[in-house]
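Below is one structure, written out as structure tokens; comments come after it.
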Amino acid sequence: MTITPAQIQSASQALRSVLRFDYPADSVLSCYFRDLRELGARDRAFVAEAVYGVLRRKRTLERLCGPEASTRQLVLAWLARVEGITLRQLGEGLHGRDTDFFTEIKGRETGELTLAESADLPDWLAERLLATLTAEQVLALAHSLNRPAPLDLRANTLKIDRDALIERLKADGINCVPGRYSPTAVRLDGKPALQKHPLFLDGSFEVQDEGSQLLGYLLQPKRGEMVVDFCAGAGGKTLLLGALMRNSGRLYAFDVSDKRLSKLKPRMARSGLSNIHPVVIASENDPRVKRLAGKIDRVLVDAPCSGLGTLRRNPDLKWRQSPEALAELTMKQAAILASAARLVKPGGRLVYATCSLLVEENEAIVAAFLAANEGFAPVNAQDVLTKQGIAVECGEQLRLTPLAHDTDGFFAAVLERKA
């Protein structure tokens, strides 16, 4: 791989915009690429890889380069120390001071690092994780979060079964294997472009992390039931629930964002599902929510959260989140769970889930809810999955991590309203 001066320059420019942390990194990169249409596919791939690479290892790289490091120096340090690139591979990419810096940074010692620096985490986040993990466990978890995520698909079983999907993809030269846990998951080797693949266009598969798929199996909706996806977003889990219901019954997709929900409609059209009813709500206390009180068989609450379980895909989140934002989130999570619980009819099921690793967004929210709502009881998540032939050792509550399961970090608790 030869890296050009233009690629290094583009990566440092894009990184400068991302490190303002005004917007999510993927949005900033999309705008950057939209403004620079002359960048080819290889250049774009390099810029994205460099930006995300620096975000993942930001503390280590800043320690190496010093607090006043330029974004160009951070990119060069990432190439030298993380990617192991040599001067020869840079070809004509470096001159003068850059060459001296690159050569010197190759052998520079970091000195003694704190746990947070070694883990490439902000201090506050390392401290939160240390409340329930040892230092060695924090480091191991952090290192797994600092690797790029694999690409998972979910077979749309209304149109194709998993084995047939794998066979078709392999015939097209796309290497893939069945997922370890979800009966509909397919894991790809590499990250091929799929947006124009015929099987994507006809709704035979969706891109969805395997851990995310397991949340649908915890809810376990049945044919003909009334089901609510309370925080549906763009509808990835909604589509899975609709398929598990075999396109029967009534499935409400609630969200406060019309923009997010609008992304569900073309996905619904591809999927062949007709039992989904998207509803934009003003808040968790919207009158349309109250009218369904006590009528719903199953409710999924994939609550707004810090997203810290998705750092493999969104490494900027660890730098954009804060203890203050976390405190606001936990208040919102408790309010949403309490409101969603009112929908559940006697004997019905409620699943509370996040893509966070933190106790205060997960176990603490559920414990406080159960203490205040004697009408609900916990259900063993492992038993729910085992009965569906899904082997995940988790006990009463599901906790997935990239370290243990090679999925995004997810938490889920299954609750049942007493009859």
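Taken over region 64-113, the residue count meeting the criterion of being surrounded by 12 or more Cβ atoms within 10 Å (Cβ to Cβ) and either outside any loop (DSSP other than H, G, I, E, B) or at negative phi (or both) is 33. Taking Leu199 as the residue in question, decide whether it is part of a helix (DSSP H, G or I), surrounded by fewer than 23 Cβ atoms within 10 Å (Cβ to Cβ), hydrophobic (A, V, I, L, M, F, W, C) and touching a residue at least 24 places away in the same chain (Cβ under 8 Å). In short, yes.
The numbered conditions (1) surrounded by fewer than 17 Cβ atoms within 10 Å (Cβ to Cβ); (2) under 21 Å from the mean Cα position of the chain (by Cα); (3) of a type in the set (A, V, I, L, M, F, W, C) are all true for Ala371 except (2).
Among the conditions (1) within 18 Å of Asn146 (Cα to Cα); (2) touching a Lys or Arg at 6+ places or on another chain (Cβ under 8 Å); (3) open to solvent by 60 Å² or more (accessible area, probe 1.4 Å), Asp26 misses just one, which is (2). Would it be correct to say that Arg44 is open to solvent by 20 Å² or more (accessible area, probe 1.4 Å) and either among the acidic types (Asp, Glu) or over 20 Å from the mean Cα position of the chain (by Cα) (or both)? Spelling it out, Arg44 is indeed open to solvent by 20 Å² or more (accessible area, probe 1.4 Å) and either among the acidic types (Asp, Glu) or over 20 Å from the mean Cα position of the chain (by Cα) (or both). Working only within region 223-255, note down all residues that are more than 19 Å from the chain's Cα centre (by Cα), part of a loop (DSSP other than H, G, I, E, B) and surrounded by 17 or more Cβ atoms within 10 Å (Cβ to Cβ). Once the filter is applied, which keeps residues that are more than 19 Å from the chain's Cα centre (by Cα), part of a loop (DSSP other than H, G, I, E, B) and surrounded by 17 or more Cβ atoms within 10 Å (Cβ to Cβ), region 223-255 yields Glu225, Met245, Gly249. Quick one: in region 317-363, which of the residues that are under 18 Å from Arg128 (Cα atoms) and among the charged types (D, E, K, R) is nearest to the chain's Cα centre (by Cα)? Filtering first and then ranking leaves Lys318.
Does Leu311 fit the bill of being closer than 30 Å to Phe21 by Cβ, modelled with pLDDT of 95 or more and open to solvent by less than 20 Å² (accessible area, probe 1.4 Å)? So Leu311 fits the description; yes. Annotation: Ala282 fulfils all but one of (1) surrounded by 12 or more Cβ atoms within 10 Å (Cβ to Cβ); (2) more than 24 Å from the chain's Cα centre (by Cα); (3) among the hydrophobic types (A, V, I, L, M, F, W, C); the unmet one is (1).
Could you list, in sequence order, all residues of region 385-395 that are open to solvent by less than 20 Å² (accessible area, probe 1.4 Å) and either part of a loop (DSSP other than H, G, I, E, B) or closer than 19 Å to Asn362 by Cα (or both)? Outline the logic, then answer.
In the first step, residues of region 385-395 are kept if they are open to solvent by less than 20 Å² (accessible area, probe 1.4 Å); the result is 385, 390, 392.
Scanning region 385-395 gives Ile390, Val392.
crowded, with 21+ Cβ neighbours inside 10 Å and either part of a loop (DSSP other than H, G, I, E, B) or touching a residue at least 40 places away in the same chain (Cβ under 8 Å) (or both): is that true of Ala193 in this structure? For Ala193, the condition - crowded, with 21+ Cβ neighbours inside 10 Å and either part of a loop (DSSP other than H, G, I, E, B) or touching a residue at least 40 places away in the same chain (Cβ under 8 Å) (or both) - is not met.
For every residue, the table says whether it meets (1) over 19 Å from Arg63 (Cβ atoms); (2) in contact with a helix residue (DSSP H, G or I) (Cβ under 7 Å, 6 or more places away or on another chain).
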residue: Arg81; (1), (2): no, yes
residue: Leu87; (1), (2): yes, yes
residue: Leu94; (1), (2): yes, yes
residue: Glu109; (1), (2): no, no
residue: Ala116; (1), (2): no, yes
residue: Leu121; (1), (2): no, yes
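The values are calculated or read from the model by the stated rules, or taken from the named source; none is laboratory data. Note that the structure is a prediction, hence the values are computed from the model and not measured. Methodologically, a virtual Cβ is constructed for each residue, glycine included, from the backbone with ideal geometry; neighbour enumeration extends over all protein chains shown. Calculation scope for accessible area: heavy atoms of the full protein, side chains included, ligands and nucleic acids excluded. Shrake-Rupley method; radii C 1.70, N 1.55, O 1.52, S 1.80 Å.
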